[in-house]
Amino acid sequence: MRQYRIAAIPGDGIGQEVIPAGIEVLSALAARAGDFHLDFKTFAWGSDHYKRHGVMMPANGRAQIRDFDAIFFGAVGAPDVPDHVSLWGLRLAICQPFDQYANVRPTRILAGIESPLKGIGPGDLDWVIVRENSEGEYAGQGGRSHVGLPIEVATEVSIFTRAGVTRILRYAFEIARARPRKHLTVVTKSNAQRNGMVMWDEIAAEVAKEFPDVTWDKMLVDAMTMRMVLKPATLDTIVATNLHADILSDLAAALAGSLGIAPTANINPERTAPSMFEPIHGSAFDIAGKGIANPVATFWTAVMMLEHLGENAAAGQLMRAIERVTADSALHTPDLGGSATTRQVTDAMLAAIRGDNLLA
Ligand code: IPM
Ligand code: MG
């Protein structure tokens, strides 16, 4: 029996609803497969922990989860804790020291889900966004002087290292190579940002030589938003900086029907520390506690976690169960225009997993 230890961090808001749903579904899947076991340990870190102890996670938090095989993360952010405190105190405090430099965001229109784009259905929009996840605009460099005075000044310096840019481009070319269309679009803003972004373009051309079987093109980020909306079928794998890909991935999620289904993986490709898997949607305090959060993003995130663990058969089964459930509009939560609850969607997933015809 293959055993995996998973650190679950539900975090804030609807993270506390969707992560338990994900654990239920993953446990049912493992029980059904019979040849692997997921051992979950839940860590109650986040904004409530901050309000009690003044920190988002204990000082030795990272040491506590370092030896796990993966991290299953919900969301972080609360209305009464400054966002930069909660983000840097938990999510980035794990991503950056664990060197999860590749953030992978698949986007596809799932069965039964409607895109807001006219005439676009499954197959017309099938992307993987690879987001640089360790530096760039999120490097945390900068500071404030003359605080509170009329001459106050703040700097927010982007950091682009040759090593960091090269490794994310290589990773993106590899993802592109593994997909049927073998096409990568490199997004920058090298007309206006004439240092870091020009270096990106140069390194992209260098790394591309290692991947002669992958076609690639370049886009400026502003033009990219138009191409995503107007010509979605021309795109496949996309790589961009931390901030650019953050913005593009919200657009991608909206074009695929809802942020409530979008998954992500924060990957340490060299596996020197655990990778972290999370739904993109965030803590969504406006609907927290109502039992109506869409758990599909978490289930799809779980598919990515199983793939990372090497459990590809189970990952395939879980993805089929997800699309069976999304295909039924009676099982759509309010973000998709329906009235189903988290519980109903989770129960439908459990029924699909325990049913007879999932292995096909
Ligand atoms: C994301 C989110 C985060 C980010 C927020 C919560 C800081 O928008 O994962 O895309 O910008 O990285
Ligand atoms: Mg975002």
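Checking the stated criteria, T301 turns out not to satisfy the condition of being crowded, with 24+ Cβ neighbours inside 10 Å, over 21 Å from R91 (Cβ atoms) and either outside the structural domain of R66 (by TED's automatic domain parsing) or among the hydroxyl-bearing types (S, T, Y) (or both).
For (1) within 16 Å of ligand 2 (Cβ to nearest atom); (2) crowded, with 22+ Cβ neighbours inside 10 Å; (3) of a type in the set (A, V, I, L, M), each residue gets a yes or a no:
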site: E202; (1), (2), (3): no, no, no
site: T215; (1), (2), (3): no, no, no
site: R227; (1), (2), (3): no, no, no
site: D236; (1), (2), (3): no, no, no
site: A245; (1), (2), (3): yes, yes, yes
site: P263; (1), (2), (3): yes, yes, no
site: E278; (1), (2), (3): yes, yes, no
site: A284; (1), (2), (3): yes, yes, yes
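Matching residues to (1) touching an Asp or Glu at 6+ places or on another chain (Cβ under 6 Å); (2) under 17 Å from V128 (Cα atoms); (3) within 16 Å of ligand 1 (Cβ to nearest atom):
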residue	(1), (2), (3)
E202	no, no, no
L220	no, no, no
R227	no, yes, no
T241	yes, yes, yes
L248	no, yes, yes
S258	yes, yes, yes
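Can you work out which of the residues in region 25-84 that are within 16 Å of ligand 1 (Cβ to nearest atom) and of a type in the set (G, A, S) is nearest to R354 (Cα to Cα)? Filtering region 25-84 for residues that are within 16 Å of ligand 1 (Cβ to nearest atom) and of a type in the set (G, A, S), the one nearest to R354 (Cα to Cα) comes out as G74.
Counting only residues that are assigned to a loop (DSSP other than H, G, I, E, B) and either surrounded by fewer than 18 Cβ atoms within 10 Å (Cβ to Cβ) or of a type in the set (A, V, I, L, M, F, W, C) (or both), region 100-111 holds 3 of them. Considered as a group, the residues in region 83-99 that are open to solvent by 50 Å² or more (accessible area, probe 1.4 Å) and in contact with a Gly (Cβ under 9 Å, 6 or more places away or on another chain) include one that is nearest to ligand 2 (Cβ to nearest atom), and that residue is D83.
Could you please let me know if M197 is outside any strand (DSSP E or B) and open to solvent by 70 Å² or more (accessible area, probe 1.4 Å)? Judged against the criteria, M197 is not a match. Filtering region 250-261 to residues that are surrounded by 24 or more Cβ atoms within 10 Å (Cβ to Cβ) and under 26 Å from D201 (Cβ atoms) leaves only A252.
Among the residues of region 304-317, those that are assigned to a helix (DSSP H, G or I) and under 19 Å from R5 (Cβ atoms) comprise M304, M305, L306, E307, H308, L309, A314, A315. Set side by side, the residues N266, N294 differ, and just one is outside any helix (DSSP H, G or I), within 11 Å of ligand 1 (Cβ to nearest atom) and not hydroxyl-bearing (S, T, Y), which is N266. Are any of the residues in region 8-25 free of Cβ contacts under 8 Å to residues at least 12 places away in the same chain, outside any strand (DSSP E or B) and charged (D, E, K, R)? Looking through region 8-25, none of the residues is free of Cβ contacts under 8 Å to residues at least 12 places away in the same chain, outside any strand (DSSP E or B) and charged (D, E, K, R). I'd like the full set of residues that are surrounded by fewer than 18 Cβ atoms within 10 Å (Cβ to Cβ), part of a helix (DSSP H, G or I) and not charged (D, E, K, R), limited to region 132-188. Matches in region 132-188: A163, T166, A178.
Among the residues of region 31-62, the ones that are surrounded by 14 or more Cβ atoms within 10 Å (Cβ to Cβ), polar (S, T, N, Q) and farther than 22 Å from E311 by Cα come to 1 in all.
The values are calculated or read from the model by the stated rules, or taken from the named source; none is laboratory data. Keep in mind that what you see is a predicted model, and the values were worked out from it rather than measured. All Cβ positions, even for glycine, are placed from backbone atoms using ideal geometry, and neighbour counts span all protein chains on display. Accessible surface areas use protein heavy atoms only, side chains included; no ligands, DNA or RNA. Shrake-Rupley method; radii C 1.70, N 1.55, O 1.52, S 1.80 Å.
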